[in-house]
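What follows is one structure encoded as structure tokens, with my remarks underneath.
The values are calculated or read from the model by the stated rules, or taken from the named source; none is laboratory data. In this text, all values refer to a predicted model and were calculated from it rather than measured experimentally. Please note: Cβ atoms are built from the backbone with ideal geometry, for glycine as well, and neighbour counts cover all protein chains shown.
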Amino acid sequence: MDLSFSAEDLAFQREVRSFIAENYPADIKARFDAGLEPRKEDFVRWQKILFEKGWVAPAWPKEYGGTGWTATQKYIFQEELGAANTPGIIPFGLSMVGPVIYTFATEEQKKRFLPGILSSDVWWCQGYSEPGSGSDLASLKTKAVRQGDKYIVNGSKTWTTMAQWADWIFCLVRTDSSVKQQEGISFLLFDMKSPGVTVRPIITMDGGHEVNECFFDNVEVPVENLIGQEGMGWTYAKFLLGHERSGIAAVARSKRGIAKLKQIANTEQSDGSPLIEDPDYRRKLAELEIDLTALEYTELRTLARESQGKGPGPESSILKIKGTEIQQAITELAVEAAGYYAFAYNRRAMDGANEPVVGPAATAFAAPSYFNMRKTSIYGGSNEIQKNIIAKMVLGL
Amino acid sequence: MDLSFSAEDLAFQREVRSFIAENYPADIKARFDAGLEPRKEDFVRWQKILFEKGWVAPAWPKEYGGTGWTATQKYIFQEELGAANTPGIIPFGLSMVGPVIYTFATEEQKKRFLPGILSSDVWWCQGYSEPGSGSDLASLKTKAVRQGDKYIVNGSKTWTTMAQWADWIFCLVRTDSSVKQQEGISFLLFDMKSPGVTVRPIITMDGGHEVNECFFDNVEVPVENLIGQEGMGWTYAKFLLGHERSGIAAVARSKRGIAKLKQIANTEQSDGSPLIEDPDYRRKLAELEIDLTALEYTELRTLARESQGKGPGPESSILKIKGTEIQQAITELAVEAAGYYAFAYNRRAMDGANEPVVGPAATAFAAPSYFNMRKTSIYGGSNEIQKNIIAKMVLGL
Amino acid sequence: MDFNYSDEQKLLIDSVERFIQDDYDFDTRRAILKSEDGFRRDLWQKFGELGWLAVPFSEEDGGLGGTAVETMIIMECFGRGLVVEPYLSTVVLAGGLLRHGGTTGQKETVLPELMAGTLLAAVGYAEPTSRFNLADVSTTAEKAAGGYVLKGRKSVVLHGPMADKLIVSARTSGGRRDEAGITLFLVDAGAAGVSRQDYPTVDGLRASEIVLDGVSVGEGDVVGVVGEGFALLERVIDEATAAICAEAVGAMETLHKATLEYARTRVQFGQPIGRFQVIQHRLVDMYMAYEQAKSMAIMASLKLDAAPEERRRAVSAAKVQIGKSARFIGQQAVQLHGGMGMTDELNVGHYFKRLTMIETLFGNTDFHLKRYAA
Amino acid sequence: MDFNYSDEQKLLIDSVERFIQDDYDFDTRRAILKSEDGFRRDLWQKFGELGWLAVPFSEEDGGLGGTAVETMIIMECFGRGLVVEPYLSTVVLAGGLLRHGGTTGQKETVLPELMAGTLLAAVGYAEPTSRFNLADVSTTAEKAAGGYVLKGRKSVVLHGPMADKLIVSARTSGGRRDEAGITLFLVDAGAAGVSRQDYPTVDGLRASEIVLDGVSVGEGDVVGVVGEGFALLERVIDEATAAICAEAVGAMETLHKATLEYARTRVQFGQPIGRFQVIQHRLVDMYMAYEQAKSMAIMASLKLDAAPEERRRAVSAAKVQIGKSARFIGQQAVQLHGGMGMTDELNVGHYFKRLTMIETLFGNTDFHLKRYAA
């Protein structure tokens, strides 16, 4: 047992750190540090920089464009990206459909789709949830009926993140209604510019536009866009859900969030002293930081098991639950620090309009961020569902 | 809407207060204020004092020995008893079997049993729980088989509080195994000195002896000891459970508990100042006191509904849940205040041996009290069961 | 002791509830939020006609002589409907200051119009770095011929954009956080030297940053006693705190009911989610949080006329309970509604946002815990 | 970075686990608790024979040269078995002070016997009103010919009744709560002027109130440097804190497993209670609390040799997490076991009681939160 990095790991850390320092565009950094709503071009530009360096897909096998790093190196890489507050890797292509494609697709499909994912030239979105399905994903109703060499897709998807920017969608569709729910689902890719695809924005309560409803009205999809076998979509989806969970602890980002909270609490005044000297606020910050440390070491232990080839198992649901609780708590404390200025709704400034904010810049978006982060305990399998998973898969209940 | 007591109520309050001041025996008060384990004789002596005054059964109808008080008067009476730290009224006779008897029993049974309950000459215990039944009371297995003019009782009961002091037991027994669980249960009274009754102490983890197992080996019970109809025991038991819940909020006692905590926190030192000046301890005390205030007013609102003839409904499960949470939290804070001296096990002193305690007297029993109070969220229908009740009966889920 | 409403109070409940149901549905409110003014003047007139704006004022002042219970009733109903009109600012805050501290002249000038619904008012009690301390006043009022000159900045003045009259705290003597030396002034919103930066709030209200750059006021514009404004302001803020506690109770009730209804009807894994025990117990916890909050809101309202020490403790205790309950119920209502709870188009998020801001308004949970324990 | 045990460490785990399983079942422990001595000298000898008492000492001192990880392993296993023998006091505390600060003479006199299992020791660091502040020392050490005279009182000295040697903190200079001026002394438990009041603790250990009424010690009995005992004591208490964090992790693991097993088998309302979703999620919450605690116990052990500032923060963070997890898991284990969980005859209550006392030992959650945030 040893907490220190090896000399090789330390060298790697230095390499990553200086690469980021030299290549992370200042204008994107400024937008992200200010907490503005991200733009598509920021994500794409940053991912292309990583792609040029060969670092955009550390989780992928080397043959498909991965880095061949050890688990520790991957961890260090994630930590450094988080600490530098770079745009998060948009998961839909690189973490979701990519792995499904290189694992289950034909050679031809791999050649067709993987390059665009790696280069970020094709933006993907995820067609899973439906208005009626919620956490009960397998109850989905969107239908794909085969007609000759095409599927005709009808139905709708919802909570489709960043669909407004997407070129392609990977979509769970029902190809057979006569069998058990899970067995009638297929995994289909199609172009969002196909006739019959409509995207309607869903504005969330913080005023942001991240998610959408997608309607499919007789969308024609060539059969060669089916991944794997018809009826096996649920298997691929489950495979993908396992992938989606890695990195969900978001330790590095939460560390940055806490560092920012400390900065704020050192500036904001309470009865003539910095808020950080208020014993209640100080205690809550300390508790949060300790929670995060515990999560960090729990993640490292998971990593250690993983590098021994055991996992990531259902234990990683802990990372989702605790990670999102901490992310939410950070935004709660930011609202508390903001005091009355939390009231001010600086939406236009947050969307990037060149407009001054009301109150201190550091807390200008505290309330919308708090509202927005409530989603984290809902999406990606709600925290209640994660507990069901642990109860069943880990505790055997 | 008005929070103030009427002039009549205030006069009543003064009357109760001065009665207690003049009649509460100093030696019992000393034992209770010191937090020693109560003795049977303390309870009996105090109940007899109230009986002489005609105040031992405020909840009973006047014709059977009740006081005829208004709901507010009953509330004031409870508050004053609690504030004075008198021995609690032992519920088994006065709050449990008494009401069942005057509601469901024959005139003869009433004449036979009620006087002894009122005068505290007969100590009752409750034969409900069984080793296998837990919260699922209706699954009880103790059998009563009718033979001529007797029932032959076989089985066992557990968690029988103060059975070691009891003269009589009221007991749920199965008289019919061929019908639905709830329909085969009868309500039987019998003498604890009957041949075949054995009482085995259960020592709880705090080292105390409050509860017992009772074994019945061919105990003969005259049929005239059956209350109401055979097979109707479940109905009487449910009636009784409603009665048992009143007063369970224990607001007055918790108020005293918090007052004692404040005293302790004013004496105990932390870094050269009284513990009460420690911002964390101070905050926790304040939160607890506020919780209790909220419970107090929730109870008063329940009382108001009750005096309009609505209730006490299943809403009173809140009183059980919040009341026990507060009682438990008080003992947690006492352990925290005790610091290292919480380690000392002063069991013999607590049992009344004339022995000095280790550390300050005010916290000498802090840890055992904390351990003991864990029972409150388990007994009387666990807090989980209470939530089931609210979900079903109040929320209609 | 009596927790029942009088017949008149029951009529008031009916009247406000009917208004919410008939005239203030979710779409109406959405339209108000998007409008230029951020409130509906015609509805406000209606409040005046129905007598709601006159409720807390004495009959002598031309009001209805209502107690804190009537204000509680109105605010609780407003909480159910998420009413954004400036009742809190105009009637409870500004009205409260005038009621308890206004001169005959001020009352005669302002109150009739206020009660008629033709005059709106707002109160500036906070400053950029004062947080929740009402005594932390940097705005100065310098004595000048026949009156005072005000200089300073008041922040997050709720309903500031629509106010005709402002009442602001300023320092006539003493150090920055001294309670002594604070004086309250009635200021015309259009007076020379008053400038406003208006903005929407995250919960659908409007607010202003108000700069007072040498605003001249007369001696007759002092509300209450010179240098002794703190006690008056604190009392009225306590009354307003009780009022928003009631508003929060109304919002929590609606939110809990909506979530309960959703749990009964939303089917997942082949059954309504309300059949899952974890959801059931969550709803029970929300119900208990609501009941405890309701008890405390009533308690606080009934203690507003107690001695200051008792009133302060009662109000702070209530605000702590309401703050905790509001956070729990708000968060869980969103959680149990899943993705739908996150959207702007469902009412759940709007209640959640309002409850979040009420948690902060007039001092958050930490502030009131300290004030209670002081 | 590496979270795996070495092969030697795995052997150690096997050996301690086998001992707990074969030689330290619940009834054995109950008998020990009721015995006059409160521990089993023959088992202690066995610890010596198995080398466990020599683990943390350097090979130079005749020990096995183990790291904090070996101590963690032993304490975690001891936690699973609720071992009451004085390992913490003798090896971790007294042994730690001698290891880091003892003179060659002290080491040569004490350590061989200590490692052989023939000498027991305890440390007096707390006083009646010192609470958790190690610098709050009123016991005085006055310079006398050839040494010092100790006067004062040490409270709740764990394993005091069975100790042959004591190490106590006393003040050679400075004010009551000054860190400077504290000196540690090695004292014979039977020395003239030492008197003990022995008593059992609520969690099955033994402790003493120790009065030092003019106890003469030599200059050679100073452990560490005169006046600089605080840093040494603090370091060793941090090591002991990490050790009891590991012990708590072992206890929590057993408790969680026992509760899980009970939930799987205990039938209520026609099914195992583990089928109820509320119970399932409770057990998940307990599992998460356990995993977080385990992570922190490892982290703390691995940071014991870091710079003091980093060590302090790591240990305090761990103690906070362990305190919270221990309370939650302990309380819920009792709750889910129902009445059975309340009894003395089931092991659940015993684990709960030990975890409660660990929550207090070396500073409770509030204390360590403040120390962490300092």
Quiz item: What residue, of B:Trp159, B:Trp168, is surrounded by 20 or more Cβ atoms within 10 Å (Cβ to Cβ) and out of contact with any Gly (no Cβ under 7 Å at 6 or more places or on another chain)?
Solution: B:Trp168
Quiz item: Restricting attention to region A:342-363, which residues are surrounded by fewer than 24 Cβ atoms within 10 Å (Cβ to Cβ) and either part of a helix (DSSP H, G or I) or more than 11 Å from chain C (Cβ to nearest Cβ) (or both)?
Solution: A:Arg347, A:Arg348, A:Ala349, A:Met350, A:Asp351, A:Gly352, A:Ala353, A:Asn354, A:Ala361, A:Ala362
Quiz item: Failed condition for D:Ile73, given (1) modelled with pLDDT of 95 or more; (2) in a loop (DSSP other than H, G, I, E, B), with all others met?
Solution: (2)
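With the requirement that a residue be at negative phi, aliphatic (A, V, I, L, M) and in contact with a Gly (Cβ under 9 Å, 6 or more places away or on another chain), what does region C:75-116 give you?
Taking region C:75-116 and keeping what is at negative phi, we get C:75-81, C:83-116.
Retained after the next criterion (residues that are aliphatic (A, V, I, L, M)): C:75, C:83-84, C:88, C:91-94, C:97-98, C:110-111, C:114-116.
The answer is C:Met75, C:Val84, C:Leu97, C:Val110, C:Leu111, C:Leu114, C:Met115, C:Ala116.
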Self-check item: helices (runs of 4 or more DSSP H) enclosed by region C:280-374 - at least 3 residues per element that are free of Cβ contacts under 8 Å to residues at least 24 places away in the same chain and either surrounded by fewer than 24 Cβ atoms within 10 Å (Cβ to Cβ) or on the phi < 0 side of the Ramachandran plot (or both)
Solution: C:308-337, C:339-342, C:365-373
Self-check item: Inter-residue pairs, beta-carbon under 9 Å, first closer than 23 Å to D:Gly152 by Cβ and in region D:109-135, second assigned to a loop (DSSP other than H, G, I, E, B) and of a type in the set (Val, Ile, Thr), 6+ apart
Solution: D:Gly124/D:Thr139; D:Tyr125/D:Val137; D:Glu127/D:Val137; D:Glu127/D:Thr139; D:Ser130/D:Val137
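Among the candidates D:Val92, D:Val83, which residue alone is crowded, with 24+ Cβ neighbours inside 10 Å and part of a loop (DSSP other than H, G, I, E, B)? It would help to see each step written out before you state the result.
Working: D:Val92 fails: part of a loop (DSSP other than H, G, I, E, B).
Just one listed residue meets the conditions, D:Val83.
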Quiz item: If a residue has to be among the small types (Gly, Ala, Ser) and in a helix (DSSP H, G or I) to count, how many in region A:364-393 make the cut?
Solution: 5
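Given the options D:Asp27, D:Asp61, D:Asp42, name the one that is without any contact (Cβ under 8 Å) to a residue 60 or more places away in the chain, more than 19 Å from the chain's Cα centre (by Cα) and surrounded by 18 or more Cβ atoms within 10 Å (Cβ to Cβ). Write out each step before concluding.
Numbers: D:Asp27 fails: surrounded by 18 or more Cβ atoms within 10 Å (Cβ to Cβ); D:Asp42 fails: surrounded by 18 or more Cβ atoms within 10 Å (Cβ to Cβ).
One residue alone meets the criteria, D:Asp61.
State all residues of region A:1-20 that are hydrophobic (A, V, I, L, M, F, W, C) and in contact (Cβ under 8 Å) with a residue 12 or more places away in the chain; if no residue qualifies, say none.
Of the residues in region A:1-20, the ones hydrophobic (A, V, I, L, M, F, W, C) are A:1, A:3, A:5, A:7, A:10-12, A:16, A:19-20.
Scanning region A:1-20 gives A:Phe5, A:Phe12, A:Val16, A:Phe19, A:Ile20.
Identify all residues within region B:197-212 that are away from chain D (no Cβ under 14 Å) and either exposed (fewer than 15 other Cβ atoms within 10 Å of the Cβ) or free of Cβ contacts under 8 Å to residues at least 12 places away in the same chain (or both); write none if there are none.
Quick first cut of region B:197-212, residues away from chain D (no Cβ under 14 Å) only: B:197-199.
Selection gives B:Thr198 alone.
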Self-check item: Hits in region B:134-192 (condition: of a type outside the set (A, V, I, L, M), within 14 Å of chain D (Cβ to nearest Cβ) and not in a loop (DSSP other than H, G, I, E, B))
Solution: B:Ser139, B:Ser156, B:Lys157, B:Gln181, B:Gln182
Practice problem: Just need a number here: residues in region C:94-108 that are in contact (Cβ under 8 Å) with a residue 24 or more places away in the chain and more than 18 Å from the chain's Cα centre (by Cα). | Solution: 6
Quiz item: Picking from A:Gly339, A:Gly380, which residue would you name as being at positive phi and either buried (at least 22 other Cβ atoms within 10 Å of the Cβ) or in the same structural domain as A:Gly208 (by TED's automatic domain parsing) (or both)?
Solution: A:Gly339
Quiz item: Among the residues of region D:334-343, is any touching a helix residue (DSSP H, G or I) at 6+ places or on another chain (Cβ under 8 Å), of a type outside the set (Val, Ile, Thr) and closer than 22 Å to A:Phe5 by Cβ?
Solution: no
Practice problem: Determine whether B:Phe77 is over 21 Å from the mean Cα position of the chain (by Cα) and surrounded by 19 or more Cβ atoms within 10 Å (Cβ to Cβ). | Solution: no
Quiz prompt | Top-ranked residue of region C:1-17 - restricted to ones that are free of Cβ contacts under 8 Å to residues at least 60 places away in the same chain and either under 14 Å from C:Leu82 (Cα atoms) or of a type in the set (Ser, Thr, Tyr) (or both), ranked as farthest from the other protein chains (Cβ to nearest Cβ) | solution = C:Ser15
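One residue is enough: does region D:242-252 have a residue meeting the conditions within 30 Å of B:Gly132 (Cβ to Cβ) and surrounded by fewer than 19 Cβ atoms within 10 Å (Cβ to Cβ)?
The initial filter retains those residues of region D:242-252 that are within 30 Å of B:Gly132 (Cβ to Cβ), namely D:251-252.
Next, only the ones that are surrounded by fewer than 19 Cβ atoms within 10 Å (Cβ to Cβ) stay: none.
Within region D:242-252 (the criterion being within 30 Å of B:Gly132 (Cβ to Cβ) and surrounded by fewer than 19 Cβ atoms within 10 Å (Cβ to Cβ)), the answer is no, since none of the residues qualifies.
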Quiz item: In region C:268-279, what residues are surrounded by fewer than 19 Cβ atoms within 10 Å (Cβ to Cβ) and at the interface with chain B (Cβ under 8 Å from one of its Cβ atoms)?
Solution: C:Arg275
Exercise. Show the residue pairs that are 6+ apart or on different chains and have beta-carbon atoms under 6 Å apart, the first residue being within region A:38-67 and without any contact (Cβ under 8 Å) to a residue 24 or more places away in the chain, the second being in a helix (DSSP H, G or I) and not charged (D, E, K, R).
Key: A:Pro58/A:Phe77
Exercise. Evaluate region D:186-200: report whether one residue or more is touching a residue at least 24 places away in the same chain (Cβ under 8 Å), acidic (Asp, Glu) and in the same structural domain as D:Lys294 (by TED's automatic domain parsing).
Key: no
Quiz item: Across region A:274-283, what is the number of residues that are in contact with an Asp or Glu (Cβ under 6 Å, 6 or more places away or on another chain) and either among the acidic types (Asp, Glu) or within 11 Å of chain D (Cβ to nearest Cβ) (or both)?
Solution: 1
Quiz item: Across region C:342-358, which residue is farthest from the other protein chains (Cβ to nearest Cβ) among those that are closer than 17 Å to C:Phe78 by Cβ and charged (D, E, K, R)?
Solution: C:Arg354
Exercise. Could you please give the count of residues in region D:312-341 that are away from chain A (no Cβ under 12 Å) and either basic (Lys, Arg) or more than 14 Å from B:Glu384 (Cβ to Cβ) (or both)?
Key: 8
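This table checks each residue for (1) of a type in the set (Gly, Ala, Ser); (2) without any contact (Cβ under 8 Å) to a residue 12 or more places away in the chain; (3) out of contact with any helix residue (DSSP H, G or I) (no Cβ under 9 Å at 6 or more places or on another chain); (4) within 11 Å of chain C (Cβ to nearest Cβ).
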site	(1), (2), (3), (4)
B:Glu268	no, no, no, no
B:Leu285	no, no, no, yes
B:Ile290	no, yes, no, yes
B:Leu295	no, no, no, yes
B:Leu300	no, no, no, yes
B:Gln308	no, yes, yes, yes
Quiz item: Restricted to region D:30-39, and to residues that are outside any loop (DSSP other than H, G, I, E, B) and in contact (Cβ under 8 Å) with a residue 12 or more places away in the chain, which residue is farthest from the other protein chains (Cβ to nearest Cβ)?
Solution: D:Ile32
